[in-house]
Amino acid sequence: MFGEELDRVRKVSKETGCESWTSLDYQNHILNYLMENRDRGFEGVIEIGCYKGGLSAMLGFICQQFKWPFFAVDIDENSILSTRRLLSSLMLLENATIHHGTLASFARTAVLKQRPVLIILDGDHRYEAVVDDIQMVYSLNKLPLAAAFHDYSLRHPSSGEKVDQAVKNCFGDWPIQHIGALMDGTGPYPTRERPAEDGHWWDVPGYEGALVQLPSKLTNMVIEPQPVLQRKSLLSSILRRLGAN
Ligand SMILES: C[S@@+](CC[C@H](N)C(=O)[O-])C[C@H]1O[C@@H](n2cnc3c(N)ncnc32)[C@H](O)[C@@H]1O
């Protein structure tokens, strides 16, 4: 469904340098999840951390087709500008709200009319930040059906990225579905033994992403105190990895 249209959205994103940082596998899983759940009374998608807008354009397209609201949130002004420009060039701004800030500031102001199908958490990947974001999801006026996470098993020597641990500690033995690329030590993904130039690598065995159909309450959270790390700017770490500076 929408194969050709989504290919066109990807093509425009690529041509304008706004391609999503996520794999095709991850994107397809997310998009299929939206299509599979389109008739259940849930409406809308929220993306936290839209960067240049590559994934936002696909999400915005699906939301436009289903007459759902789409919300893109980013702390970085250039990311907001880029996402707005890309959605505008694809005529996808009509049902989109682009919020400059964090999930916390979005949750304080947003009034969701229906429960969204999905919230994608792809902003700050540090352990405490992911735990905060997951708790913040529960302060939205309507709880999304599911949450997706990116950079799930990603590690960095100094910036404390540990999405997987935060997700497991927040949801306990609640089901977590792994999505996107499998990190098995083969393929193009850096490993601990072969890290990328900026030092990041993927834990093996590991996963690019995860999807959790949200429990109505967070009941079994076990939060681990994290070692104090040399605090590099998270944004500069992300931007270095994305090759933007
Ligand atoms: C890995 S990129 C997101 C990639 C994007 N989802 C895609 O598919 O192309 C992470 C983004 O999160 C943003 N970010 C970092 N911390 C954030 C926070 N606390 N709240 C919102 N956005 C944040 C960064 O500015 C950056 O644009």
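Every number here is computed from the coordinates shown, using simple stated rules; none is lab data. Just so it is clear, the model here is predicted, and its values are computed rather than measured. Don't worry about glycine lacking a Cβ; one is built from the backbone with ideal geometry, like all the others, and counts go over all protein chains shown.
Counting other Cβ atoms within 10 Å, which GluC sites (Glu not before Pro) in region 32-141 have at most 14 and lie in a DSSP loop? In loop regions of region 32-141 (DSSP not H, G, I, E or B), the sparsely surrounded GluC sites (Glu not before Pro) are Glu94. Return the loop-located trypsin sites (Lys or Arg not before Pro) in region 1-77 (DSSP other than H, G, I, E, B) with at most 16 other Cβ atoms within 10 Å of their own Cβ; answer none if there are none. Sites meeting the loop and neighbour criteria: Arg38, Arg40, Lys67. In terms of surrounding Cβ atoms within a 10 Å radius of their Cβ, Met183, Met35 rank from fewest to most as Met35, Met183.
Classify region 1-81 from the C-alpha gyration tensor, please: rounded if a/c falls under 1.5, else prolate or oblate depending on whether a/b exceeds b/c. In terms of gyration-tensor shape, oblate.
When Met91, Met136, Met58 are sorted by how many other C-beta atoms sit within 10 angstrom of their C-beta, beginning with the fewest, the order is Met91, Met136, Met58. Name the residue, out of Ile176, Ile62, Ile119, whose mean-square fluctuation peaks in a Gaussian network model built on the chain with Cα pairs under 10 Å. Highest fluctuation of the listed residues: Ile176. Residues considered: Phe106, Phe66, Phe149. Largest GNM mean-square fluctuation over the chain, using C-alpha springs under 10 Å, is found at Phe66.
Rounded to two decimals, the Cα radius of gyration of the chain over 2.2 N^0.38 Å is 0.96. When the pairs Lys67/Lys113; Lys142/Lys217; Lys52/Lys168 are compared against a 21 Å limit on Cα-Cα distance, Lys52/Lys168 fall above it. Estimated from helices alone, the mean residue ellipticity of the chain at 222 nm is -10500 deg cm²/dmol (sum of -39500 (n - 2.57) over DSSP H runs with n ≥ 4, per residue). Looking at the square roots a ≥ b ≥ c of the eigenvalues of the Cα gyration tensor of region 63-158, which shape do they give, rounded for a/c under 1.5, prolate if a/b is larger than b/c, or oblate? Oblate, since a/c reaches 1.5 and b/c is not below a/b.
For Asn37 and Arg192, a Förster radius of 22 Å and the Cβ-Cβ distance give a FRET efficiency of 0.05, rounded to the nearest 0.05. Footprinting exposure proxy ranking of Val130, Val137, Val45, fewest other C-beta atoms within 10 angstrom first, gives Val137, Val130, Val45.
Separation of region 154-222 and region 42-118, taken as the distance between their Cα centroids, equals 24 angstrom. If you take every DSSP beta bridge fully contained in the chain, what fraction is antiparallel? Give it as a percent rounded to 5. Roughly 45 percent of the DSSP beta bridges within the chain come out antiparallel. When the chain is modelled as a GNM with alpha-carbon springs shorter than 10 Å, which of Gly53, Gly123, Gly17 fluctuates the most? Among Gly53, Gly123, Gly17, the largest mean-square fluctuation in the Gaussian network model of the chain belongs to Gly17.
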